[in-house]
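Worksheet for the structure shown next.
The values are calculated or read from the model by the stated rules, or taken from the named source; none is laboratory data. Since the model is a prediction, treat every value here as computed from it, not as a measurement. Don't worry about glycine lacking a Cβ; one is built from the backbone with ideal geometry, like all the others, and counts go over all protein chains shown. The protein model used for the area step is the full one, side chains on, heavy atoms only, and it has no ligands, DNA or RNA in it. Shrake-Rupley method; radii C 1.70, N 1.55, O 1.52, S 1.80 Å.
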Amino acid sequence: MDFIDLPQLLAARGTVRLPGSKSISNRVLLLAALASGDTELRDLLQSDDTARMIDALRTLGVKVEALADRRFLVSGVGGVFPVREADLFLGNAGTAVRSLTAVLALAGGDYRLSGVARMHERPIADLVDSLRQLGAEIAYAAQDGFPPLLISSPTPGSAAVVRVRGDVSSQFLTGLLMALPLRTVATTVEVVGELISRPYVELTLASMARFGVEVVREGWQRFTVPAASAYRSPGFVEVEGDASSASYFLALGALGGGPLRVEGVARDSLQGDVRFADALAGMGAKITFGDTWIEAAAAADGRLQGVDLDCNHIPDAAMTLATVALFADGATTLRNIASWRVKETDRIAAMASELRKLGARVDSGDDFIRVVPPARAQGLRPAAIATYDDHRMAMCFSLAALGTPLRINDPAVVSKTFPDYFERFAAVTRPVPVVAIDGTSASGKGTVASRVAEALGWHYLDSGALYRLTALAARRAAIAWDDEAAVAAIATNLDVDFSGGLISLAGEEVGDAIRSEEISAGASLVAALPAVRAALLFRQRAFRRLPGLVADGRDMGAVVFPDSMTKVFLTANVAIRAERRHKQLIEKGIAASIAALLLDLRERDERDSQRSVAPMQQSADAELLDTTNLTIATAVAQVLEWVNKVSDSG
Ligand code: DC
């Protein structure tokens, strides 16, 4: 399973140039293809959804040429696709499926439209029924009411009025409207039920107007496309930045101090999701609008308030409010969001179960979700978040990193609309700092690291203790230390507690038990197993909490926290280490022989540095600290000096 681990964040600020709007990109691609004349599309989004639309248009015989600087040139076909028979795969791109279904059903030809498995669960009967009123010939290839669809040439009809449902997805109306100029007669669309997501319909009307077709609108019930309407290229179209994508960065600015500016959208943007900025302002964030940008910063007192909001006008950006709610005072209720259930996944169910993992209380119903954040003192719980093949789940939950380290599974789903999301995210966020102290057994790194942590007022992670605990737990469960799968399962389910400087396993204090020579040897054995190391990775990263972490081990700087601000490799002459260890054991009343300890340390050094995964080694960017002739105090002072040097320059 692919994943990304996000460290807890200290702050977020900076500027993000947004990728082009998905909704506008897929509309203007189709309109440019249908128009007469060539159209240059500037700042077009390049993502999975637009790639599916471009592939489909090319399959239909439309020339779509990629130029430099996010520009594309589309050679319009004047309403008649050159290819009259084709099989089109549209992935999970809802806008592409709905609009192409309508356009191809009225254009004429034999086409098959399909997508990923989830697309075949997303309802389309309402659109198909409407198109049939106009003479369209559409059959369901598998299950009634859902793609894949088989489209053949329409029976010419002269119906002047067509009815379409507006309360499931506004994309049905959008698809229908975009297709109607292919008819020669005037057609009026009557919306049945209350039209949801109206801003997306406005976007459709504005896009059609840019291509020369003026739809006559009477309220939100009737839309008339006049007779002899035809799309004409306006020459070029500048695609706005994506307002839904903007929501994640505006939220980051509001929660992480800011200011965080998104470029490519503004108050008068065509996209309804810019209204997300107002929703955020309603929670207390400081929002500033410019001509071509929007900026968000924290409220004066740094707090946001929960809200009760009808989100019908911002269905996609409303998901971002659900994760912002984790940080607000009081409950947040998002209403009128039934369409979430028929998107990339059932977003109400997905959101509820993942928010709960972080410690929130969540209620939900057919068309609402209510989020009660965990008590502020408790904070968010580290968790591994599932993304349900839904780009917005991955992006929304990245915000939780302002409250806890977390893992996001299958982060590549963002490629649907924002392929480099996590790179942009990293560029405007500052993670909680880590000092990594790696080194040989008994080199004194545990003592040095815990004192450095104390001096800085930071958390301390003794990662070796996790391997020792794993060895002890395996022994107690009568599992052999070389049984990789079984030991990894033990590591995954370790019930440990490090609070108050004590180390407990399943409620029992085991601080001394894990230091015995037998368990030391076992720890070194289990630490060589790749599955065990993988199982303990996130558990270690979950220690990275405000205000900072000092971590000691073997691979802190190289593997677990490669972005550590300071990396130290601590060692000492092996004879000195054996002596120190001997003294420690004697003080604890445990009998030991220096010769045996020396042999044992050599063996462990050998195994820790020779193993194939995460071997102990001094990485190129680590400072070497040889403590053979140093007191603990001097070693601590040296590490603190290195830390301060980085803090001063950063
Ligand atoms: O630091 P320590 O002696 O408590 O470590 C116990 C064992 O765990 C040691 O053999 C090395 C291994 N270990 C590791 O492989 N990676 C770490 N980050 C920490 C310890």
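Quick rundown of the values:
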| quantity | calculated |
| --- | --- |
| Heavy-atom SASA rank of R347, R541, R533 (probe 1.4 Å, accessible area, largest first) | R541, R533, R347 |
| Spatially near lysine pairs across the chain, Cα under 16 Å, sequence gap of 8 or more or different chains | 5 |
| Nearest-0.05 FRET efficiency for D308 and A427, computed from C-beta distance (R0 41 Å) | 0.75 |
| For the chain: accessible area per residue (Å², 1.4 Å) | 38 Å² |
| Inter-centroid distance (Cα atoms) of region 344-388 relative to region 504-570, Å | 30 Å |
| Stretch gain in nm, segment I586-N573, where the contour uses 0.36 nm per residue and the Cα spacing is subtracted | 2.7 nm |
| Computed FRET value (nearest 0.05) for D363 with E121, which takes r as the C-beta separation and R₀ as 25 Å | 0.50 |
| With all protein chains modelled, accessible area of K588 [1.4 Å, Å²] | 110 Å² |
| Contact order normalised by residue count of region 247-402, Cα under 8 Å, 6+ apart, percent | 20 percent |
| Gyration tensor over alpha-carbon atoms, region 84-227, equivalent ellipsoid semi-axes in Å | 23, 17, 14 |
| Share of carbon and sulfur in the accessible heavy-atom surface of the chain [1.4 Å probe, %] | 51 percent |
| Per residue Cα convex hull volume in Å³ - calculated over region 473-536 | 82 Å³ |
| The chain, relative contact order in percent, only Cα pairs under 8 angstrom and at least six apart counted | 13 percent |
| Debye-sum result for region 219-314 in log10 I(q)/I(0), which assumes one identical scatterer on each alpha carbon, at q = 0.15, 0.20, 0.21 Å⁻¹ | -0.66, -0.94, -1.00 |
| GluC sites (Glu not before Pro) lying in DSSP loop within region 171-218, provided at most 15 other Cβ fall within 10 Å | E194, E214 |
| Rounded D (µm²/s) - the chain, Kirkwood Rh over Cα pairs, Stokes-Einstein at 10 °C, 1.306 mPa s | 57 µm²/s |
| Whole-angstrom gap from region 582-618 to region 59-81, using each part's C-alpha centre | 67 Å |
| Spatial separation of Cα centroids for region 449-485 and region 125-159, in angstrom | 62 Å |
| Ellipticity estimate at 222 nm from DSSP helix runs (n ≥ 4, -39,500 (n - 2.57)) divided over the chain, nearest 500 | -11000 deg cm²/dmol |
| Region 414-516: relative contact order in percent, alpha carbon pairs under 8 Å with at least 6 residues between | 14 percent |
| Under 17 Å from the S499 label point (7 Å along Cα→beta-carbon), backbone N, region 458-478 | 459-460 |
